[in-house]
Structure formats: structure tokens, C-alpha cells
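Structure first, then comments.
Laboratory data are not the source of any read-out in this text; all were calculated from the coordinates shown. Predicted model, so just to flag it, every value in this text is computed and none were measured. Virtual Cβ from ideal backbone geometry, glycine too; neighbours counted across all protein chains shown.
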């Protein structure tokens, strides 16, 4: 089964690095939609079936935190969001995880191995049957 | 005499540079003595503002050959020098560099926010200090070429003008 992933970063190079690392991680089969900032990403989210989001924090137009808050207002089922950012202070991590509802926080720079380590538990948690709605429940149902 | 904030926390800047270029590009930095780039030496200059308990302009200077090599290492593919991706790659590297400086300042009680990076192409790198500003810079030799890092600080509210 494919995961439709939305990759959001104002750096085209960084979007390529995220995509390449996700493909190398072999955590899942991914198909990608890209966006260059939060506003662009919000439009992409409204227009495309998105199963998972990988988003930067500091971007022009709309930053990653504000984008995720908008997603949480309009999503039908919980969409897992992974923040990939240079921010790394405890205050920022707490804001992302506990205020904005980010599911996983990864500090740049990262490798495919970093993604395997950090995202593995998230994928495990999300594929537990009946523990979450939406795509990952369907994935779990297909796997069982 | 009270040590300036730049000198007091300079090790956060050098530690960040060493960590970031080692982890992103696999290069070790060797500090060398070099006051300024050669006249007419073409280079890429990235600037990030750190604003909060200190007000710094943090910069990264890469001669063109170094920039091309480092960008290719970082991105994992060759980037033409005139491609928008070159500025993007240098900007993202400086973004990671600035983020790491912020992270190293934080446990010292120095809280800052960082700006988005500005990347320019220039010829020659000369730090022109002005009244009421403090600055520090250093030059490194790497297997991919020479590079500079530096900080300029404004004593008054606002960035170096």
C-alpha cells in the first residue's frame, strides 16, 4: 500500500533530501506531493488525498506550526505530522508536540537511518489496530 | 573589563560549524590564519540574523570552488553554479548552522530566534567593523576548500547597520 506524503519546506534541496531519505529508509512505499510553504501546503492538503505530512518549521508566508494548526481544524481523521527542522530547544519541541499536535520531531541534519529510528515507533503505534483512524487503520487492517 | 557577548560565546559558533559540516558534508575543519579573501575572489556569502538576548549577524563565506563542492556533498548531486539550487543549498546549510548556534546558546541562558538565510554572491570578503559593533571571524581549510565563518554584533537594539 502506498502512503501519500506531503513534503513541505521552502528549500527545494531540502524537499529532495527528505524524499530521498524516506525512500532509502524503506519504511513504506511513498508517493509525494511537494509544497514550498505553509500556504502552498494547505492548498495541496485540501486538494489531494494526504496520508502523512513532513513539514519544516521556519518558512515564509505560513510557518509549519501555523500550517499544522490549520490542518488539525479541517482534517477528517488524524493525519500524522512529522516536523523536520533546525529548531531543537526544549521550548520549541514542547510547542510543536504539545501545542500544535505534531506527532514526531526530527532535527536537521538527518539521514535515512535517523528516519528509521525516529519514525519506526510512530509507524508501529499508528498501525496498531483500532488505535487510530484513517489511513493507518486501513493499513493495519490490510496487514492483518 | 566585561567580555563581549561575541567573544564570550564564540565557541558556540565554532562548535556549530565543526558539527554541521562534519555531519552534513563529512568534512573536518582545520582553523588557519587568513585575514581576508583575495581581492576579486568570487564567493558565496550567507547571512543569518540571531535576535534576542544577543543581536548577531552570523555569516558563512565560501569561495566559489568550495561552495560548489560543499553543495554537491550536502545535496548528494552536482549543482550548476548559476542554478537557483546553489543558493538554496548554501542557504539551507547556513540555516542548519544558525540553528545549531541557537541550540548551543540555549543552555547558556542565551535565547535567540533566527531569521531565514540571505545568500549573496560577492567578490572579496572584508569585514568592515563600525563603531559600537563587535565582530569575530575565522578561516578554515577543509578537503573541499577554504571557508570563513563570523559574527558581527550590534551593541544597540537592532542589527548591525
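Here are some notes:
- Count of residues meeting criterion [within 14 Å of chain B (Cβ to nearest Cβ) and surrounded by fewer than 16 Cβ atoms within 10 Å (Cβ to Cβ)] in region A:6-38: 3
- In region A:39-57, the qualifying residues are those that are out of contact with any strand residue (DSSP E or B) (no Cβ under 7 Å at 6 or more places or on another chain) and under 17 Å from residue A:10 (Cβ atoms), and the one that is surrounded by the most Cβ atoms within 10 Å (Cβ to Cβ) is A:42.
- Here region B:96-116 is the region considered, the condition is being in a helix (DSSP H, G or I) and in contact with a strand residue (DSSP E or B) (Cβ under 7 Å, 6 or more places away or on another chain), and the residue that is nearest to the other protein chains (Cβ to nearest Cβ) is B:99.
- Some residue of region B:24-46 being under 16 Å from the mean Cα position of the chain (by Cα), on the phi < 0 side of the Ramachandran plot and assigned to a helix (DSSP H, G or I): yes
- Taken together, B:93, B:43, B:62 contain a single residue that is within 20 Å of residue B:105 (Cβ to Cβ) and either crowded, with 18+ Cβ neighbours inside 10 Å or more than 14 Å from chain A (Cβ to nearest Cβ) (or both), which is B:93.
- Index of the failed condition, residue A:116 passing every other in (1) surrounded by fewer than 19 Cβ atoms within 10 Å (Cβ to Cβ); (2) more than 11 Å from chain B (Cβ to nearest Cβ); (3) assigned to a loop (DSSP other than H, G, I, E, B): (3)
- Within region A:58-88, being at the interface with chain B (Cβ under 10 Å from one of its Cβ atoms) and loosely packed, with under 15 Cβ neighbours inside 10 Å holds for one residue alone: A:60.
- Residue in region A:91-105 that is within 14 Å of chain B (Cβ to nearest Cβ) and under 11 Å from the mean Cα position of the chain (by Cα) present: yes
- Residue check, residue A:35 more than 12 Å from the chain's Cα centre (by Cα) and either closer than 30 Å to residue B:70 by Cα or in contact (Cβ under 8 Å) with a residue 40 or more places away in the chain (or both): yes
- Candidates A:50, A:3: the one that is within 13 Å of the chain's Cα centre (by Cα), away from chain B (no Cβ under 13 Å), part of a loop (DSSP other than H, G, I, E, B) and more than 17 Å from residue A:109 (Cβ to Cβ) is A:50.
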